[in-house]
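The values are calculated or read from the model by the stated rules, or taken from the named source; none is laboratory data. These figures come from a predicted structure and were not determined experimentally. Don't worry about glycine lacking a Cβ; one is built from the backbone with ideal geometry, like all the others, and counts go over all protein chains shown. For accessibility, only protein heavy atoms count, side chains too; no ligands or nucleic acids. Shrake-Rupley method; radii C 1.70, N 1.55, O 1.52, S 1.80 Å.
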Amino acid sequence: TGGSLLHRNPSSLLREIIRQGRKNLTLIKHSPGYDADILCASQSLEKTLCGIVTFESEFGLAPNYRKSIEKGLVGLTEHAWPSILAGLRAAAYGVPFQPIKGFKGSDIPERSNFSTFNDPYTHETLFAIPALKPDWTLLHVAKCDENGNAWILGNPHFDVEMSRAAENGVILTSEEIISSSEIETDPENTSIPGFLVKAVVKSPGGAKPCSSYPYYDFEPEEIKRYMDASKTEDGLKNYLESMDSISN
């Protein structure tokens, strides 16, 4: 899924996945937050490949994600941001892995079984990050046309790389659907080309309770409601049953 932490998550798509009862899913993302947590809360996830998972400093860690990992209900291959990016790029380039430096002093490579090799030019030891090829990439964007040519306004995070890495293609939700002629006025801003996109959904507010620049900021009261609900099983159940009331 696209976005980062509490910003430009494809929240309406995720809630629809939960409503449909989809299970045994794998999430690939550098910095999930609301998305990973609500998928864990609904018992939709089987495995995650990700880096930091948090609701940021105002709200703290992701409670349902943490419980699921600690109880062994969801598998984890731990990454750092650079290794997620390397894996997505390897998939996009059609190669089995991408080399990366770093991780010195970290136990992530050992815990996640990242192989090492010697650079044939410098003989330096590097890590080989395997390609990360999601079946689908789910993105929320600012504007797109009916063919899926999309503009991401603000920080693109890793959405461009995710769109190129997906095996089957991209599913977009968008704040606005605009004409192709308008898209053509600024081709350099079209970071997601339509030929990668398999479906487009007009979804104003589709990132809520997360932010979507420049349309709206994240919603602290709604996020707090979710965090409070997550403290008890009944509270979480009631929250999941009330998701239709969330504006999207």
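Hydrodynamic analysis of segment 117-248 uses the Kirkwood radius over alpha carbon pairs. Inserted into Stokes-Einstein at 25 °C and 0.890 mPa s, it gives a translational diffusion coefficient of 143 µm²/s. Treating the Cα atoms of segment 3-117 as identical point scatterers in vacuum, please give the log10 of the normalised Debye intensity I(q)/I(0) at q = 0.20 Å⁻¹, two decimals. Cα-only, vacuum Debye calculation for segment 3-117: -1.15. In order along segment 74-91, phi translates into HN-Hα couplings of 10, x, 9, 9, 7, 10, 10, 3, x, 6, 4, 4, 4, x, 5, 5, 4, 5 Hz, rounded to whole numbers, per the Karplus curve 6.51 cos²θ - 1.76 cosθ + 1.60 with θ = phi - 60° and x for Gly and Pro.
For the chain, the relative contact order comes to 20 percent (Cα pairs under 8 Å, sequence separation of at least 6).
Please give, to one decimal in nm, the separation of the simple spin-label points placed at Lys202 and Leu76, each 7 Å out from Cα toward the Cβ. With each label point 7 Å from Cα toward Cβ, the separation is 4.2 nm. Taking all protein chains together and a 1.4 Å probe, the residues Glu175, Glu70, Glu233 rank Glu233, Glu70, Glu175 from largest to smallest accessible area.
Sparsely packed loop sites in segment 64-102 (the trypsin sites (Lys or Arg not before Pro) outside DSSP H, G, I, E and B with at most 14 other Cβ atoms within 10 Å) comprise Lys71, Lys101. Given their separation in residues at 0.36 nm each and the Cα-Cα distance between them, Glu16 and Glu167 gain 52.2 nm when the chain is fully extended.
For the chain, the solvent-accessible area of protein heavy atoms averages 49 Å² per residue (probe radius 1.4 Å; ligands and nucleic acids excluded). Along segment 59-71 the Karplus relation, 6.51 cos²θ - 1.76 cosθ + 1.60 evaluated at θ = phi - 60°, assigns HN-Hα couplings of 10, x, 6, 8, x, 6, 4, 4, 4, 5, 5, 5, 8 Hz to successive residues, with x for each Gly and Pro.
For Lys23, a cut-off of 21 angstrom between C-alpha atoms picks up these lysines, skipping any fewer than 8 places away in its own chain: Lys47, Lys67, Lys71, Lys133, Lys237. Comparing Pro120, Pro214, Pro96 in a Gaussian network model of the chain (Cα springs below 10 Å), the most mobile by mean-square fluctuation is Pro120. Of the residues Asp135, Asp159, Asp107, the one that moves most in a GNM of the chain with alpha-carbon contacts below 10 Å is Asp107. Around the Cα centre of the chain, unit charges on the Cβ atoms of Lys, Arg, Asp and Glu (plus for the first two, minus for the last two) sum to a dipole of about 720 debye.
For the chain, the normalised intensity computed at q = 0.07, 0.08, 0.12 Å⁻¹ comes to -0.24, -0.31, -0.70 (log10 of I(q)/I(0), Debye sum over alpha carbons, equal scatterers, no solvent). Taking the DSSP beta bridges with both ends in the chain, the antiparallel portion is around 40 percent.
Extension gain, Val95-Asn24: 0.36 nm per intervening residue step, less the Cα-Cα distance, totals 22.9 nm.
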